[in-house]
1. I need the per residue convex hull volume for the chain, using only the alpha carbons, in cubic angstrom as a whole number.
2. If I model a spin label at SER25 and ASP156 as a point 7 Å from the Cα along the Cα→Cβ vector, what separation in nanometres do I get?
3. What fraction of the DSSP beta bridges in the chain is antiparallel, stated in percent and rounded to the nearest 5?
4. For a quick check: sort CYS267, CYS300, CYS289 by the number of other beta carbons within 10 angstrom, fewest at the front.
5. Place +1 on the Cβ of every Lys and Arg and -1 on the Cβ of every Asp and Glu in the chain, take the dipole about the Cα centre, and give the residue among HIS176, ASN282, VAL113 whose Cα lies farthest towards its positive end.
6. Which shape class, rounded, prolate or oblate, goes with the range 32-155 when its Cα gyration tensor gives a ≥ b ≥ c as root eigenvalues, a/c under 1.5 marks rounded, and past that a/b bigger than b/c marks prolate?
7. Distance in nm between label sites at ASP284 and ARG323, each 7 Å beyond Cα in the beta-carbon direction?
8. For the chain, what is the relative contact order in percent, using Cα pairs closer than 8 Å and at least 6 residues apart in sequence?
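No lab work stands behind these numbers, since they all come straight from the coordinates. These numbers were taken from a predicted model, which means no experiment stands behind them. In this analysis, Cβ positions are derived from the backbone assuming ideal geometry, glycine residues included, and neighbour counts consider all displayed protein chains.
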Amino acid sequence: MPGRVKRPTIKDVAREAGVSMMTVSRVLTKKGRASQDTIDKVLRTIEELGYVPDLNAGALSSRNSGFIAVLVPSVDNSNFAQSVRGITDVLNDNGLQILLGSTDFSVEREETVLETILKRRPDGVILTGGNHTARSRRMLENAGIAVVETWDLPADPIDHVVGFSNVAVSHAMVDHLHERGYRRIGFIGSSSDSDTRGADRERGYSEALKKHGLEHHRVIRLGAPPVPVEQGGEAIVEMLRRWPETDAAMFVSDRTAFGALMECHRCSWPVPDRVAIAGFGNFDMARNCHPRITTTAIDCYEMGRFAAERIVDARARAAAGERVKPEITMIPYRILGRQTT
């Protein structure tokens, strides 16, 4: 692709390692003999270059596989499912297919899935989030294909971005609660280091409370995402035990907000009179429970469409020999004030 780093080849590995291409092939296939020192040197070079073996080496000379790789944290999350539907609709209209991978909210798992998928030489990759391992970044930067990061606004994008600021989302929710008269606001999120989107929402919560001159220490961090619904109930009980004066609680997702609402029902704590509840994501459960949960709405389907359109456009421009400049597409969000606040 013009303007992008050339994809490392087996010839590059052999040159950098100071061995023959046949030796590199032996190390990769584990067929034939090679000393342990040579094996270590070749593997170290592969790691440094971000080289990924091409399983389609004997395929069509056009090098176009006709599919786009899409990685999502979970296949049973309705928001990610909507994004995938938007991607699929655009790809179908352009004669392309989707290859879906699940990362289980783990950057290490993402690295493994990426390595497997890149061996099939997709024409583009759409990722969820902007947090990746160093090796994942090297593989993607050296793949010679368009990459789109979604659901985030990374400080150091790999290529294209279609997303929003999770920090700004929390700012908007705190402003909403503040306008409603709430002053002792807590935050319930995840404890995983890899969940940077959740961490950004917590950071936005703290920054917004500081802006309003309010305390921002009422924070409970649960386990790694996806956090079970029932932990939202446990968390609201713990928050009100530690800080009985809490009058509103923000949750990292609607799932845990729903769990908290159900626990409030069981404890006969009126919502929002005893404590207000706000979530994120506008899940079906937030729209259909009673009282309905205040949340943040993101157009997940349109995010998927925009991401796929960016891939299709970059693919076409590259085929025409045009330089492809990375672009950032901002997806709007809105606060849905409902009965729980």
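1. Per-residue hull volume (Cα only) is 147 Å³.
2. Going by the 7 Å Cα→Cβ label model, 3.7 nm.
3. Values: 4 of 35 bridges.
In the chain, approximately 10 percent of DSSP beta bridges are antiparallel ones.
4. Details: CYS267 12, CYS300 23, CYS289 19.
Least crowded to most crowded, the residues run CYS267, CYS289, CYS300.
5. VAL113
6. Values: a/c = 2.40, a/b = 1.50, b/c = 1.60.
Note, shape of the range 32-155 comes out oblate.
7. The answer from the label model is 4.8 nm.
8. 18 percent
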